[in-house]
Amino acid sequence: METIKDIVTDVIEGLKDKKRAQDEPEVLLKRVLPKKELGHVKFRYLRKGVLGITVDSSTRIYQLNLQKSELLAKLGKKSKGIKDIRFYIGETQ
């Protein structure tokens, strides 16, 4: 039989896990990128404050580079750990 203390502890841990999941780079990308771009990009890595994103075409990389400072500002509001974005061409499926 679980005590109330055990149940409250489990609930609090569950909330912490949910908060951590919201800070994941994949989730942050979905929040800051326009919906039309989401099907054309894929999270690649997050190392030393640099977010790597794979993009399916050079045209989209160009468009995203034009929006890079805006994207960094939006990401900075949601996660202090992201300092730069690097775009790579590749498959996103």
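The values are calculated or read from the model by the stated rules, or taken from the named source; none is laboratory data. Because the structure is predicted, anything quoted here is derived from the model rather than measured. Heads up, the Cβs are rebuilt from the backbone with ideal geometry, glycines too, and the neighbour counts pull from every protein chain shown. To get the accessible areas, we keep the full protein, side chains included, count just its heavy atoms, and leave off ligands, DNA and RNA. Shrake-Rupley method; radii C 1.70, N 1.55, O 1.52, S 1.80 Å.
Identify all residues within the range 19-35 that are part of a loop (DSSP other than H, G, I, E, B) and either open to solvent by 90 Å² or more (accessible area, probe 1.4 Å) or modelled with pLDDT under 85 (or both); write none if there are none. Full working, then the answer.
Let us first name the residues in the range 19-35 that are part of a loop (DSSP other than H, G, I, E, B), namely 23-24, 33-34.
Of everything in the range 19-35, those that are part of a loop (DSSP other than H, G, I, E, B) and either open to solvent by 90 Å² or more (accessible area, probe 1.4 Å) or modelled with pLDDT under 85 (or both) turn out to be Asp23, Glu24, Pro34.
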Practice problem: May I ask you to list the residues in the range 36-85 that are open to solvent by 30 Å² or more (accessible area, probe 1.4 Å) and touching a residue at least 40 places away in the same chain (Cβ under 8 Å)? | Solution: Gly39, His40, Lys42, Arg44, Lys74, Lys78
Quiz item: For the range 1-18, what are the residues that are among the aliphatic types (A, V, I, L, M) and modelled with pLDDT under 75?
Solution: Met1, Ile7, Val8, Val11, Ile12, Leu15
Self-check item: Residue count for the range 50-93, restricted to those that are within 11 Å of Pro25 (Cα to Cα) and part of a loop (DSSP other than H, G, I, E, B)
Solution: 3
Self-check item: Inter-residue pairs, beta-carbon under 8 Å, first closer than 22 Å to Phe87 by Cβ and in the range 12-35, second open to solvent by 80 Å² or more (accessible area, probe 1.4 Å) and modelled with pLDDT under 85, 6+ apart
Solution: Asp23/Lys78; Leu28/Lys78; Arg31/Lys78; Val32/Lys78
